[in-house]
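> Here it is, the structure in full.
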Amino acid sequence: MNNFAIAIVFILFFVMMGLIVFYFQTQQSLKDLADRVGKLHESSAEDGIFNRLKDIADRVGKLQPQMVMRSPNVIRQERAAFQDRLVLLEVELTQNKRDALTEEDRQQVESARDAIKRCNDELKQTGDWMGTPFDFEWTEMFNRMPILKSLYWASVEGLPAVDNQGLSGDPRGAVARQK
């Protein structure tokens, strides 16, 4: 039993020595880790890591968004909505027998022209342009609204409107013939 007690004491001694070595190794590792974190924190303040992240965010914000590809039907619906507004304006002009466009009407024609041209350009860029009779250029659409066209050109040129029969060709030529 004496040998057994000595064996147990040696085993406990080696276990205790292992725990002490483990403890000091852990302390050393934690100290190294704390030093690294401290260096990172100091370098982030010195190097301006936050400034670098802010610069990156600013550059990302300055990037131009990519043009979202819309379906041809959505583009044509948008174009049709602007064309419908012009048709309604043509109907109103016909019913009310007005002699001139208001500034608001002129702005409506100009915004519709810009939107229709933008839609047509988008259809051409995506390769979905089908041409006549499905897709009309702005001038082809505008030629189908003779009263609006004559009043618009008269308001742009500052002249009184001309009769609708004289508008078969170039709108500037019709206004010029009136002079």
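The values are calculated or read from the model by the stated rules, or taken from the named source; none is laboratory data. Please read these numbers as outputs of a predicted model, since none were measured by experiment. Every residue, glycine as well, gets a Cβ built from its backbone with ideal geometry; the counts of neighbours run over all protein chains shown.
> Which of the residues belonging to region 97-114 are of a type in the set (Ser, Thr, Tyr) and either part of a helix (DSSP H, G or I) or surrounded by 14 or more Cβ atoms within 10 Å (Cβ to Cβ) (or both)?
The one that is of a type in the set (Ser, Thr, Tyr) and either part of a helix (DSSP H, G or I) or surrounded by 14 or more Cβ atoms within 10 Å (Cβ to Cβ) (or both): Ser111.
> Looking only at region 113-140, filter to residues that are closer than 19 Å to Val91 by Cα and in contact with a helix residue (DSSP H, G or I) (Cβ under 6 Å, 6 or more places away or on another chain); which one of those is modelled with the highest pLDDT?
Arg113
> Another question about this same structure. Out of the residues in region 118-140 that are loosely packed, with under 15 Cβ neighbours inside 10 Å and either in contact (Cβ under 8 Å) with a residue 24 or more places away in the chain or not in a loop (DSSP other than H, G, I, E, B) (or both), state the one that is nearest to the chain's Cα centre (by Cα).
Top of the filtered list is Arg118.
> Residue by residue through region 99-117, note down the ones that are over 13 Å from Lys149 (Cα atoms) and either not aliphatic (A, V, I, L, M) or not assigned by TED's automatic domain parsing to the domain that holds Arg144 (or both).
Scanning region 99-117 gives Thr102, Glu103, Glu104, Gln107, Ser111, Asp114, Lys117.
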